[in-house]
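Colleague: Before I ask anything, here is the structure I am working with.
The values are calculated or read from the model by the stated rules, or taken from the named source; none is laboratory data. Owing to the predicted nature of the structure, the values given are computational and were not obtained by experimental measurement. All Cβ positions, glycine included, derive from the backbone under ideal geometry; neighbour counts span all protein chains shown.
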Amino acid sequence: MPPSKVKNNVRCSAECNAIYRKRIKSRRKRDCETCGNEFIPRLSQTKLGGGKFCSQKCNPSGAKALKIRGWPIGEKAYKWRGGRKATYKRRLVNGKLAAYRKANADTIRATALAYRAKHPEVGRAAQARRSARKKNAGGKHTSTDIRELMRLQKGQCAACRINIKNEYHVDHITSLAKGGSNDKHNVQLLCGPCNRSKHTKDPIRFMQERGFLL
């Protein structure tokens, strides 16, 4: 066997090392004190004198502590949320944030209103998403898509061509009520009168009424 750079490495290959680790791990096998099922505890648990139960449900004191803290109990309770410590930290942070929001509710509301006033396309995109969810329509568009649409339309209404930079409506070309999607390719920017006049009409019929199509 060739010499290894690692002092503790006494196996000739990765395959032999995997066999060795599996053999060592199997030595820790034991039966759960609650349900009797065979399991392999973690090495850190055995060093601390633990590893007596196969799961949180079988550990009476552990399940009681988790219940007091409000944590979910089960094998997969923490895997997708970043572990038990991450869950505890998240709840601690959320508690502090909730207290901050409650103490500074007026300031937060004023800041949000100021931001919406400065960026109206954000509110319009959110309103469109809400309407689409209520009608089970697919697709979505963002405030970035609306800004890009305003640039492509040169700040003009798609129907009557008046300036709409200061005030505009986001219209679905094929309305949501008639099966249209909320995708960016199905929206256009209209002035208020044109949008109210179009309502849920077919886009071709609407443009014919305006004299743009025969």
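Colleague: Looking only at the range 31-54, count how many residues are free of Cβ contacts under 8 Å to residues at least 24 places away in the same chain, part of a loop (DSSP other than H, G, I, E, B) and of a type in the set (Ser, Thr, Tyr).
Modeller: 0
Colleague: ALA137 - would you say it is in a helix (DSSP H, G or I), of a type in the set (Gly, Ala, Ser) and either surrounded by 15 or more Cβ atoms within 10 Å (Cβ to Cβ) or not assigned by TED's automatic domain parsing to the domain that holds GLU167 (or both)?
Modeller: Taking the combined requirement at face value, the residue does not satisfy it.
Colleague: Further question: Suppose we filter CYS160, CYS194 for residues that are in a helix (DSSP H, G or I), closer than 22 Å to MET207 by Cβ and touching a Cys at 6+ places or on another chain (Cβ under 6 Å); which single one remains?
Modeller: Of CYS160, CYS194, the one residue that is in a helix (DSSP H, G or I), closer than 22 Å to MET207 by Cβ and touching a Cys at 6+ places or on another chain (Cβ under 6 Å) is CYS194.
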